[in-house]
Amino acid sequence: MEELQQTVSQQDQLRETTQQTQAGETTQQTQAGETTQQTQAGETTQQTQANTPDAQPSHDNQAAEPLIRIENLRKSFGDLEVLKDINFEVMPGEVVSIIGASGSGKSTLLRCINLLEVPDSGHVWFHGSDLAGERTNVNELRESIGMVFQSFNLFNNKNVLDNCTLAPVTLKKCSKAEAEERGRRHLTAVGLADFIDAPATSLSGGQKQRVAIARALCMEPEIMLFDEPTSALDPEIVGEVLNVMRDLAAEGMTMVVVTHEMEFARSVSDRVVFMDAGVIAEQGSPEDIFGNPREPRTREFLARYLGE
Amino acid sequence: MLGRIASFFKDDHRYVFLGTSAFALVGLWLAMQPRTPSSFLAQSYALEVVLYYLLVAWLVLSAVALVNKLIKWRDYGTSSPFVRESLRRMVRIASYVMWAIVCVFIVDRLGMGLVDLVRTSTQASSNPTDFLSSTVYMLSKSSSIFATGIITTIELATFGTIIAFFLALLMVFLRIQEIDRSDNDFIRFLKTVGSGFAKLYSTVIRGTPMMIQGMIIYFAGFGVLRGTGMSVSEIGAIWSTFVAGLVTISLNSTAYMMEVLRGGIEAVDSGQTEAARSLGLSQWQAMMKVVFPQGVKNAVPALSNELVINIKDSSVLSVIGVFDLMFATTTVAGIYFKQSEIYVVAAVCYLILTMTATWLLNKLSRRLTGAAPRTLPSSN
Ligand SMILES: Nc1ncnc2c1ncn2[C@@H]1O[C@H](COP(=O)(O)OP(=O)(O)O)[C@@H](O)[C@H]1O
Ligand SMILES: [Mg+2]
């Protein structure tokens, strides 16, 4: 069953890849040692996805461009060096989980991706533009990068539907009618069709977070960033938010998720990144990170987390 | 309200004897005061005597109850006749009668006395010597002066506050501008200048007395118009003391309201901005659509205090000759050469105005935000 889903999502990836590469080109894909041969529209395509445990995705033998490429990222708050020379990539359609102790710089890394934190040095490449560049139009690029916060941050002066339509309408992405249609569609998908006219402040935490996800989706982003989306929720309603995220992952959305939900990280992600003291200490497939971590500090962290 | 009154009459009161006796003593004292010409009890002397002795009877009953209590200190609750249900009810009803009697005396002596005082002092040919009569005399003779003053004060405070609110919205907008990464050099320059101007404005206005601001504005405006070759009467038509006063109070209040608004805006959680920015909104859009509306709403209760402050502080504008309540008071005091009476009147007028404003604003602000403002605003 899981294998089937993987194959389906590979096909999704493949479709995107094919769209990106010129017609008639041949692409290679290898996933975790297993090679899938695929024939599509009369072409033979092979896709290489180098997310094997030790190999950083190196893009010279890779046809698919990473959606996000972070190079030599550094960030300090005063004397505190929070990110120490981070290199990190996210492929289209990939679901990456970032785990690590609190204070290790996970949020800062995530917030550097859409430049809510301005890096001290380094590059954040997205569609050929460097978000960290001096002259880059960050606002425009952010439209394609959705973000979900730990504290929901719904607009308190708006109702649920207006939360969803504010950005598309203000940024003239579509007409008001279409924005409302989009809002209704996404709110229905997260199970909140009945709350469309409710004031944002009247919702429970789990509902707020689902609205926040719908709000981000209304901008039709190419990638979604989640910063501990369930950490502020009561344990019994964590599931309703995680289910929405699972569905999103199954639809092929590219996602970077900072989380302490290890079960979610293990079952949903394509790759798990372990951060420690401002560096990426280890990354690899969920099986490897959770089943066979190589770094002692990863082992120590997981022992502390899973032991509980 | 009605329910509260009803329960007052139904409830059993612990201090029936003590409280009613104290009040009955007041009644007795009033009964011994001389009757005024329009006293209605003067026509029925017998009734007054009956009422008087009813009060005395109550005092005697209370004394008996007190002695009874002192004697039966230990087992009062079980053995005293005064704790019996039937007697308790009768005593309570009797106490209501006593209160009614005392009220009759209050109306007869104090109420009718005041009516007489007003009648005689308004018809007096010269200013009477005692405090109350003199006050009433002067009030009646110069009521139109006071009316003009009160209306001008209300106008100054209300229009001044409203104008200042909109100016403050503009100023706080300049004040909170911050340089964003995506701003070009021109925008950066504008933001720096705008924010600096607002900061300077706030510092200067809040750091100098409004009285002096009024002087400067009035005479500077006068001087400028004089420079254009207008005659004094022409200037008076457009740059009246009222207009100058209104400009002063508006500009002054703007600075304070701007700070209140800034507080409200800074109290908006930074997550609101971050969420808006993460969706691609510019700093300006996030400000306009998300932060500003919430910040203004936060500030509404504190903002409404500005009206109350302006009612009081507009009094300093009388130095440039604005015909407000303070100016009216000074004028009347000058006519009769009686200061303390007239200034007490002015104080009472200001108190009524500010209490009315507070009450109205409480209602308004509760409707707007569901929260009540602080009730006693301090002066600027
Ligand atoms: N705006 C800030 N100013 C100062 N220090 C900060 C700021 N944001 C984060 N930090 C510090 O940076 C470190 C990493 O924070 P963060 O990225 O939030 O960690 P994590 O999300 O992994 O818990 C922490 O020590 C935190 O205190
Ligand atoms: Mg964090």
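For region A:102-121, enumerate the residues that are in contact (Cβ under 8 Å) with a residue 60 or more places away in the chain, open to solvent by less than 10 Å² (accessible area, probe 1.4 Å) and closer than 15 Å to residue A:145 by Cβ. Correct list: A:109, A:110, A:113, A:114. Within region B:316-329, the set of residues being surrounded by 19 or more Cβ atoms within 10 Å (Cβ to Cβ) and either more than 12 Å from residue B:150 (Cα to Cα) or of a type outside the set (Ser, Thr, Tyr) (or both) comprises B:316, B:317, B:318, B:320, B:322, B:323, B:324, B:325, B:326, B:327, B:328. Yes or no: residue A:151 polar (S, T, N, Q), open to solvent by 20 Å² or more (accessible area, probe 1.4 Å) and within 16 Å of ligand 1 (Cβ to nearest atom)? Answer is yes for this residue. Pairing residues of region A:83-101 that are over 21 Å from residue A:118 (Cβ atoms) and assigned to a strand (DSSP E or B) with residues that are β-branched (Val, Ile, Thr) and away from ligand 1 (no atom under 16 Å from the Cβ), at Cβ distances under 7 Å and at least 6 apart in sequence or on separate chains, gives A:95/A:268; A:96/A:90. Among the basic types (Lys, Arg), more than 16 Å from ligand 2 (Cβ to nearest atom) and open to solvent by 50 Å² or more (accessible area, probe 1.4 Å): is that true of residue A:215 in this structure? So residue A:215 fails the test.
The residue list A:161, A:115, A:154 contains one member that is over 19 Å from residue A:77 (Cβ atoms) and at the interface with chain B (Cβ under 9 Å from one of its Cβ atoms), which is A:154. For region A:128-143, the condition holds for no residue, the condition being that it is of a type in the set (S, T, N, Q), at the interface with another protein chain (Cβ under 8 Å from one of its Cβ atoms), open to solvent by 30 Å² or more (accessible area, probe 1.4 Å) and within 16 Å of ligand 2 (Cβ to nearest atom). Taking the listed residues A:117, A:71, A:81, A:65, the one that is within 16 Å of ligand 2 (Cβ to nearest atom) and over 15 Å from the mean Cα position of the chain (by Cα) is A:117, with no other qualifying. What about residue B:348, is it of a type in the set (Val, Ile, Thr), open to solvent by less than 30 Å² (accessible area, probe 1.4 Å) and not in a loop (DSSP other than H, G, I, E, B)? Criteria not met by residue B:348.
Does residue A:183 satisfy the criteria of being surrounded by 18 or more Cβ atoms within 10 Å (Cβ to Cβ), in contact (Cβ under 8 Å) with a residue 60 or more places away in the chain and either within 8 Å of chain B (Cβ to nearest Cβ) or outside any loop (DSSP other than H, G, I, E, B) (or both)? No: the conditions fail for residue A:183. Elements of the type helices (runs of 4 or more DSSP H) sitting completely within region B:227-280 and holding at least 2 residues that are open to solvent by 10 Å² or more (accessible area, probe 1.4 Å) and closer than 30 Å to residue A:116 by Cα: these cover B:241-266, B:270-278.
If the condition is being in contact (Cβ under 8 Å) with a residue 40 or more places away in the chain and within 7 Å of chain A (Cβ to nearest Cβ), then region B:256-296 contributes only B:282.
Please work out which one of (1) under 30 Å from residue B:140 (Cβ atoms); (2) under 36 Å from the mean Cα position of the chain (by Cα); (3) open to solvent by less than 50 Å² (accessible area, probe 1.4 Å) is the condition residue B:41 fails and give its number. That leaves (2) as the condition not met. Any residue in region A:250-269 that is touching a residue at least 60 places away in the same chain (Cβ under 8 Å), open to solvent by 20 Å² or more (accessible area, probe 1.4 Å) and within 16 Å of ligand 2 (Cβ to nearest atom)? Within region A:250-269, one or more residues are touching a residue at least 60 places away in the same chain (Cβ under 8 Å), open to solvent by 20 Å² or more (accessible area, probe 1.4 Å) and within 16 Å of ligand 2 (Cβ to nearest atom).
The values are calculated or read from the model by the stated rules, or taken from the named source; none is laboratory data. Source: prediction; values computed, not measured. Heads up, the Cβs are rebuilt from the backbone with ideal geometry, glycines too, and the neighbour counts pull from every protein chain shown. Just the protein is used for accessible areas: all its heavy atoms, side chains included, with ligands, DNA and RNA removed. Shrake-Rupley method; radii C 1.70, N 1.55, O 1.52, S 1.80 Å.
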